[in-house]
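S.K.: Before I ask anything, here is the structure I am working with.
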Amino acid sequence: MSKEEYNPYSEFLLTIDEAGQKLGLPKDDYKILEKPERELKVSIPIEKDDGSVEVYDGYRVQHCNSRGPYKGGVRYHPDVNIDEIKALAGWMTLKCSLVDIPYGGAKGGIQCDPSELSQTELKKITRRYTTMIEPIIGIDKDIPAPDVNTNAQIMSWIYDTYSMIKGHNIPGIVTGKPRIIEGCLAREGATGRGVMITVENLFDKLEKELEGTTIAIQGFGNVGQVAAELLQEKGCKIVAVSDVSGGLYNEDGLDIVKLREFVGANRAHLSEMEKDSETQNITNDELLRLDVDILIPAALENQITEQVAKELKADYVVEAANGPTTRDADLILEERNITVMPDILSNAGGVIVSYFEWVQNKESARWEDEKTNRKLRNLLTEAFNQVWQTYEEKQVSFRMSAYMVALNRIVETKKIRGIFP
Ligand code: NAD
């Protein structure tokens, strides 16, 4: 399937359908999940620093709220489109159900290239977008969060804009805020921490040692960096990382702390880094095909395609990005006995800690990081064990097992509530 033919929402629908059939559910039980409950498209004009006017497309899709308010990140990227946002919203519905937190699924985004925008322009775009989606978001309605190219600063502007419109402070409108304005310090690293916990849970079950395990990570942003650093602390050897500019490889392991300092301080790309003699430049394509124990895609969708799946050499794929593996590629990996830990499980740490942040905001409370991280591990491990149990009982892949656990819970909720009116 070419890049143009790939449609993440169609892939989402096919996987839901397969899970429904494997659960033996009549189609009527989950038909409702085939269409998002609400899709909002907005236009975002801003006056740029040079005085010219640019108009951007923005979206907020609310997929399902049977189990709680809609919840999901906001993405700024040139490739943002409605089908991508619909798929990301659908995956959020499943993810929140799988880890059993009281949320439904949503996602938002703006089609823009933030690397070409100044801080002032980013602030304007964020404030205007917030104003445009304000009628459909709310602390008990829909709570945005960070995703690709959005961060704690952008969440702060969303919080401030929404509070100005409403006339009082409403920190719980958004999660992933800085600590100083009711954020939860552990949120920034939560998705990466969740990836590390998933790797640990998997290796514990398989009775394998993490020490010396070789890992390649595609995507060195919020999620990839934290996963790399925490897994290195556990004794893994991170031999390769990459970003949009390309990657770095060192067979003895890269110095992740140094790389983080370089990328973070300069908002720089890995390819601009001065390397030592043992480190080589590699492409993203090469990184995906490296002979490592674990491959962690932590960038975007549609990275592990059929062709990559045929040539991939890792024993395990732990999906930190949303939707990095296509359905066709998934089948090839299954045939080749390559274990895939699905995104809705392995990257759920972010939304779990978002939930903790929101609970604290609602109660004007502040938890210690130790409590947040302990509760994160408990929820993720509980979900992992359920996925493992269904995988063993039903003899399905981990992805199918995760979808089955998640879908079953949503269907049960929908049945108890009934369809209005
Ligand atoms: P980010 O913007 O912080 O980082 C993205 C990284 O991917 C950057 O290093 C970027 O250069 C790289 N990248 C972009 N395009 C690439 C390409 N074509 N090839 C290789 N690298 C590329 O984003 P993030 O928050 O780390 O999100 C990464 C993934 O994790 C996304 O799929 C996101 O949906 C998912 N995710 C994020 C969170 C969260 O809390 N931030 C939670 C759950 C899932």
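The values are calculated or read from the model by the stated rules, or taken from the named source; none is laboratory data. All of these numbers come straight from a predicted model, not from anything done at the bench. Cβ placement follows ideal geometry from the backbone for every residue including glycine, while neighbour counts extend to all protein chains displayed. We work out accessible area using only protein heavy atoms, side chains counted, and drop any ligands, DNA or RNA first. Shrake-Rupley method; radii C 1.70, N 1.55, O 1.52, S 1.80 Å.
The rows are residues; the columns are (1) open to solvent by less than 40 Å² (accessible area, probe 1.4 Å); (2) not in a loop (DSSP other than H, G, I, E, B).
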residue	(1), (2)
Met1	no, no
Glu4	no, no
Leu13	no, yes
Gln21	no, yes
Leu25	yes, no
Lys41	no, yes
Gly58	yes, yes
Arg67	no, no
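S.K.: Can you go through Asp113, Asp100 and tell me which one is at pLDDT 95 or above, of a type in the set (Asp, Glu) and touching a strand residue (DSSP E or B) at 6+ places or on another chain (Cβ under 9 Å)?
M.R.: Asp113
S.K.: Now for a different question. Restricting to region 27-39, and then to whatever is part of a helix (DSSP H, G or I) and without any contact (Cβ under 8 Å) to a residue 40 or more places away in the chain, can you tell me which residue is surrounded by the fewest Cβ atoms within 10 Å (Cβ to Cβ)?
M.R.: Asp28
S.K.: Consider Glu357 carefully, then state whether it is farther than 22 Å from Asn201 by Cα, among the charged types (D, E, K, R) and open to solvent by less than 40 Å² (accessible area, probe 1.4 Å).
M.R.: Yes; evaluated as a whole, the condition is true for this residue.
S.K.: Test Ser163 against the criterion of being hydroxyl-bearing (Ser, Thr, Tyr), surrounded by fewer than 24 Cβ atoms within 10 Å (Cβ to Cβ), within 16 Å of the ligand (Cβ to nearest atom) and farther than 20 Å from His63 by Cα, and give yes or no.
M.R.: On the way: hydroxyl-bearing (Ser, Thr, Tyr): yes; surrounded by fewer than 24 Cβ atoms within 10 Å (Cβ to Cβ): yes; within 16 Å of the ligand (Cβ to nearest atom): no; farther than 20 Å from His63 by Cα: yes.
The answer is no for Ser163.
S.K.: Right, here's the next one. Of all residues in region 186-208, how many are more than 14 Å from the ligand (Cβ to nearest atom) and in contact (Cβ under 8 Å) with a residue 12 or more places away in the chain? Lay out the reasoning, then the answer.
M.R.: Residues of region 186-208 that are more than 14 Å from the ligand (Cβ to nearest atom), as a first pass: 199-208.
In the following step, the residues that additionally are in contact (Cβ under 8 Å) with a residue 12 or more places away in the chain were identified as 199-202, 205.
Of the residues in region 186-208, 5 are more than 14 Å from the ligand (Cβ to nearest atom) and in contact (Cβ under 8 Å) with a residue 12 or more places away in the chain.
S.K.: If you don't mind, there's one more thing I want to ask. Could you name every one of the strands (runs of 3 or more DSSP E) located completely within region 244-325 that has at least 1 residues being touching a residue at least 60 places away in the same chain (Cβ under 8 Å), assigned by TED's automatic domain parsing to the domain that holds Glu233 and more than 12 Å from the ligand (Cβ to nearest atom)?
M.R.: 294-297, 316-318
S.K.: While we're here: Which of the residues that make up region 334-354 are surrounded by fewer than 22 Cβ atoms within 10 Å (Cβ to Cβ) and either touching a helix residue (DSSP H, G or I) at 6+ places or on another chain (Cβ under 9 Å) or part of a helix (DSSP H, G or I) (or both)? Walk me through it before giving the result.
M.R.: Residues of region 334-354 that are surrounded by fewer than 22 Cβ atoms within 10 Å (Cβ to Cβ), as a first pass: 334-339.
Hits for region 334-354 are Glu334, Glu335, Arg336, Ile338, Thr339.
S.K.: Filter region 230-240 down to residues that are in contact with a Gly (Cβ under 9 Å, 6 or more places away or on another chain) and more than 14 Å from Gly349 (Cβ to Cβ) and give me whichever is nearest to the ligand (Cβ to nearest atom).
M.R.: Ala240
S.K.: Just to be sure I understand, how many residues within region 332-389 are touching a residue at least 60 places away in the same chain (Cβ under 8 Å) and among the β-branched types (Val, Ile, Thr)?
M.R.: Adding up the residues that qualify gives 8.
S.K.: Restricted to region 168-185, and to residues that are part of a helix (DSSP H, G or I) and closer than 13 Å to Thr372 by Cβ, which residue is nearest to the ligand (Cβ to nearest atom)? Give the derivation first.
M.R.: Narrowing region 168-185 to residues part of a helix (DSSP H, G or I): 171-173, 179-181, 185.
With the extra rule that they be closer than 13 Å to Thr372 by Cβ, the set shrinks to 179, 185.
Details: Arg179: 16, Leu185: 14 Å.
The extreme case among them is Leu185.
S.K.: Six or more apart or on different chains, Cβ atoms under 7 Å: show the pairs whose first residue is in region 91-108 and in contact (Cβ under 8 Å) with a residue 60 or more places away in the chain and whose second is of a type in the set (Asp, Glu).
M.R.: Listed by first residue and then by second, the contacts come to Trp91/Asp343.
S.K.: May I pose another question? Within region 365-372, does at least one residue satisfy the condition of being over 22 Å from Leu88 (Cβ atoms), open to solvent by less than 10 Å² (accessible area, probe 1.4 Å) and among the hydroxyl-bearing types (Ser, Thr, Tyr)?
M.R.: yes
S.K.: Moving to a separate point now. Could you figure out which of (1) of a type in the set (Phe, Trp, Tyr); (2) assigned to a helix (DSSP H, G or I); (3) open to solvent by 10 Å² or more (accessible area, probe 1.4 Å) isn't true of Phe384?
M.R.: Answer for Phe384: the failing condition is (3).
S.K.: Here's a follow-up. Considering only region 50-57, I want to know if a residue exists there that is aliphatic (A, V, I, L, M) and within 24 Å of Gly138 (Cα to Cα).
M.R.: No.
S.K.: Which numbered condition in (1) part of a loop (DSSP other than H, G, I, E, B); (2) crowded, with 18+ Cβ neighbours inside 10 Å; (3) not hydroxyl-bearing (Ser, Thr, Tyr) is the only one that Asp50 fails?
M.R.: (2)
S.K.: Please determine, by comparing only the residues of region 139-152 that are touching a helix residue (DSSP H, G or I) at 6+ places or on another chain (Cβ under 7 Å) and more than 16 Å from the ligand (Cβ to nearest atom), which one is farthest from Ile85 (Cα to Cα).
M.R.: Ile139
S.K.: Applying the selection to region 86-110, what residues are among the aliphatic types (A, V, I, L, M), in a helix (DSSP H, G or I) and away from the ligand (no atom under 11 Å from the Cβ)?
M.R.: Hits for region 86-110 are Ala89, Leu94, Leu98.
S.K.: Going residue by residue through region 137-151, is there one that turns out to be open to solvent by less than 70 Å² (accessible area, probe 1.4 Å), closer than 14 Å to Tyr76 by Cα and among the β-branched types (Val, Ile, Thr)?
M.R.: yes
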